[in-house]
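A.B. asks: After the structure tokens below, expect a handful of questions from me.
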Amino acid sequence: MDKILVTGGLGFIGSHTVVELQNEGYEVVIIDDLSNSSEKVLDGITAITGKTPIFEKLDLKNKEGVEAFFAKHNDVKGVIHFAASKAVGESVQEPLLYYENNIGTLVYILKELKKLPSAAFIFSSSCTVYGQADELPITENAPVKQAESPYGNTKQIGEEVIKDTCKVVPTLKAIALRYFNPIGAHESVEIGELPIGVPQNLVPFITQTAIGLRQELSVFGDDYPTPDGTCIRDYIHVVDLAKAHVVALGRLLRNKNKANYETFNLGTGKGSSVLEVVKSFEKVSGKKLNYKIVGRREGDIISAYADTNKANDELGWKTKLTLDEAMDSAWKWEQKVRAND
Ligand code: WQD
């Protein structure tokens, strides 16, 4: 079966995607610099699929290292590119780190793919490119807005770099997958989210509060123009999201794509407020969550959830797992990680 490179393959979404690629029979090679992950994730993947992917520790900012990798693995048929820095707040403080790590490395990879007889490229993008969309649910035709952070800007620029390259490299086909909010963990509890330091995202902060690592959850504002006053997001189970990557890759490898560059929104199509997520957690865990309402967080948009028609119709993919199932899996994973601390 085809050999697929997964950059950032030991990360949260990357590791879940490696599992689904192996389930589909692909040979997987992972590049990861371990800056935001651990080699132990390989054991989790192997425990689930019985197959250990090839792993090469490499910082993609090392141009010669990228060239050497593709000289060695010139039989790679596709790349799923997750490797990037992704902390919104940090990107405001360290913009050059983000432009170098998220854009510079993308250019190095695309330059190597240009040399191959053909290549399928899946890009990890984000609904953050839409900012606060004017219309909900959000379709792929919604205007890309001025990014709220250098992180979001690197996703927008990354899409443009790929689109411009596909125009002049006929052997390169690409799909940008615009994720909404990935949450949860694999049902085996062998892999999941491993945030380093204080989690920025809602769900890991909830589970770390419940397990006693954090004092209480701060809910960033309940004075938004939403039913319960808290922000609304489209929380998608990471396993549903991982499966979408395998479907998108197959679309390109089997030449089913309608253009050399396509974008798809990946979400459930349902919006959930912060307090609804808290309630879901309390329901599945049977625990009362300690939280307090505080002021709004700078840069937060009010509401975002996906119009899923294009992904449903074109990819033949839709989410199967619910918010409760995602919260249940996140909680089971948190308990497992802490039990092994
Ligand atoms: C969700 C909601 C917060 C933490 C970001 C990135 C996006 C993607 C996912 C990488 C918001 C509220 C959160 C907390 C809270 N990242 N919240 N207390 O901001 O929608 O998206 O992460 O690809 O690109 O922008 O996700 O989980 O940070 O916040 O009240 O301690 O939870 O205000 O309304 P967000 P989030």
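The values are calculated or read from the model by the stated rules, or taken from the named source; none is laboratory data. Predicted model only: the values in this text are computed from it and were never measured. So basically every Cβ, Gly included, is an ideal-geometry build from the backbone, and we count neighbours across all protein chains shown. Side chains included, ligands, DNA and RNA excluded: accessible areas come from the protein's heavy atoms. Shrake-Rupley method; radii C 1.70, N 1.55, O 1.52, S 1.80 Å.
A.B. asks: What distance in nm separates the two pseudo spin-label positions at residue 218 and residue 94, each 7 Å out from Cα along the beta-carbon direction?
C.D. replies: Reported label-point gap for residue 218 and residue 94 is 2.1 nm.
A.B. asks: Something else: Just report the Cα centroid separation between region 74-133 and region 5-39, whole Å.
C.D. replies: 15 Å
A.B. asks: Counting pairs of Cα atoms in the chain, how many percent are more than 33 Å apart?
C.D. replies: Looking at the chain, the distances longer than 33 Å represent 23 percent of pairs.
A.B. asks: Here is a follow-up. To the nearest 20 Debye, how big is the dipole of the chain about its Cα centre, given +1 on the beta carbon of each Lys and Arg and -1 on that of each Asp and Glu?
C.D. replies: Working: 39 positive and 46 negative charges, 118 e Å.
Using only the charged Cβ atoms, the result is roughly 560 debye.
A.B. asks: Any idea of the accessible area per residue across the chain, 1.4 Å probe, to the nearest Å²? It would help to have the intermediate numbers written out before the result.
C.D. replies: Values: 15000 Å² over 341 residues.
Accessible surface, normalised per residue, equals 44 Å².
A.B. asks: How far, in nm, would the chain grow between residue 188 and residue 171 when pulled straight, counting 0.36 nm per residue and subtracting the alpha carbon separation?
C.D. replies: The span from residue 188 to residue 171 would gain 2.3 nm if fully extended.
A.B. asks: Could you tell me how far the Cα centroid of region 160-205 sits from the Cα centroid of region 225-304, in Å?
C.D. replies: 12 Å
A.B. asks: While we're here: Could you name the aspartates and glutamates in cross-link range of residue 310, using Cα to Cα under 14 Å and dropping any fewer than eight places away on the same chain?
C.D. replies: 140, 262
A.B. asks: Note the full-extension length gain between residue 114 and residue 64 as 0.36 nm times their separation in residues minus their Cα-Cα distance, in nm to one decimal.
C.D. replies: 16.4 nm
A.B. asks: What's the long-distance tail for region 153-196, i.e. % of Cα pairs beyond 13 Å? Don't skip to the answer; put the middle values down first.
C.D. replies: On the way: 649 of 946 pairs.
Considering region 153-196, 69 percent of its Cα-Cα pairs are separated by more than 13 Å.
A.B. asks: Now, a different point. Out of the total accessible area of the chain (probe 1.4 Å, heavy atoms of protein only), what percent is carbon and sulfur?
C.D. replies: Numbers: 7430 of 15000 Å².
Ligands and nucleic acids excluded, carbon and sulfur reach 50 percent.
A.B. asks: Quick check on packing: order 118-131, 86-99, 164-177 by the mean number of other C-beta atoms within 10 Å, highest mean leading.
C.D. replies: Top to bottom by mean Cβ count within 10 Å: 118-131, 164-177, 86-99.
A.B. asks: For the residue pair residue 290 and residue 336, what label-to-label distance in nm results when each label sits 7 Å from Cα along the Cα-to-beta-carbon direction?
C.D. replies: 2.6 nm
A.B. asks: How much length is gained on full extension from residue 23 to residue 57, taking 0.36 nm per residue of separation minus their Cα-Cα distance?
C.D. replies: Working: separation 34, 0.36 × 34 = 12.24 nm, distance 2.32 nm.
Computed gain between residue 23 and residue 57 is 9.9 nm.
A.B. asks: State, to one decimal in nm², a quarter of the convex hull surface area for the C-alpha atoms of region 198-335, i.e. the direction-averaged projected area.
C.D. replies: 9.6 nm²
A.B. asks: What order do you get for 17-26, 316-325, 290-299 when each peptide is scored by the mean count of other beta carbon atoms within 10 Å, highest first?
C.D. replies: 17-26, 316-325, 290-299
A.B. asks: Where both residues lie in the chain, what percent of DSSP beta bridges are antiparallel, nearest 5?
C.D. replies: Close to 5 percent.
A.B. asks: Another question about this same structure. Treating only the Cβ of Lys, Arg, Asp and Glu as charged (+1, +1, -1, -1), what charge dipole size does region 133-233 show about its Cα centre? Round to the nearest 20 debye.
C.D. replies: 440 debye
A.B. asks: Cβ under 13 Å from residue 309's Cβ, residue 309 left aside: what net charge do those residues give with Lys, Arg +1 and Asp, Glu -1?
C.D. replies: -2
A.B. asks: Could you put 327, 1 in order of accessible surface area, largest first, with the 1.4 Å probe and the full protein assembly present?
C.D. replies: Reading off the accessible areas and sorting them downward yields 1, 327.
A.B. asks: I need the shape label for region 196-248. Rule: rounded when a/c is under 1.5, else prolate if a/b > b/c, else oblate, with a, b, c from the alpha carbon gyration tensor.
C.D. replies: Since a/c reaches 1.5 but b/c is at least a/b, the shape of region 196-248 is classed as oblate.
A.B. asks: Once both labels are modelled 7 Å past Cα along the beta-carbon direction, what's the residue 322-residue 39 spacing in nm?
C.D. replies: For the pair residue 322/residue 39, the computed spacing is 4.2 nm.
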